[in-house]
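Structure first, then comments.
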Amino acid sequence: MPTTIEELIKQGCEYYQDKEYKESLNYYNKALEIDPSHTEVLYQKGQCFYGFGKYEEAIEDYEKILIWTG
């Protein structure tokens, strides 16, 4: 099991590319436990929600990016 943010992002991206959004979200959520303001993870998580058709959740993550990057 990956333990660093970089490893978690990489694993999440691999699942995302295979359109396994639920599994991808698990890795992105674990990465956010390490760093809740990591904008790359928030973006990728938003993309997963978008892939699920959960547009409101995607927008929430995109808005967090705007807050963190000010």
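Key figures for this structure:
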quantity	calculated
Any pair with Cβ under 7 angstrom, 6 or more apart, that starts in the stretch 59-70 at a residue that is under 12 Å from residue 37 (Cα atoms) and ends at one that is among the polar types (S, T, N, Q)	65/39; 68/37; 68/39; 69/39
Residue selected from the stretch 19-43 under the condition more than 17 Å from residue 1 (Cα to Cα) and β-branched (Val, Ile, Thr), by the criterion least open to solvent (accessible area, probe 1.4 Å)	41
Close pairs (6 angstrom Cβ cut-off, 6 or more residues apart or separate chains): farther than 10 Å from residue 68 by Cα and free of Cβ contacts under 8 Å to residues at least 24 places away in the same chain in the stretch 26-40, in a helix (DSSP H, G or I) and small (Gly, Ala, Ser) anywhere	28/12
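The values are calculated or read from the model by the stated rules, or taken from the named source; none is laboratory data. All of these numbers come straight from a predicted model, not from anything done at the bench. All Cβ positions, glycine included, derive from the backbone under ideal geometry; neighbour counts span all protein chains shown. Calculation scope for accessible area: heavy atoms of the full protein, side chains included, ligands and nucleic acids excluded. Shrake-Rupley method; radii C 1.70, N 1.55, O 1.52, S 1.80 Å.
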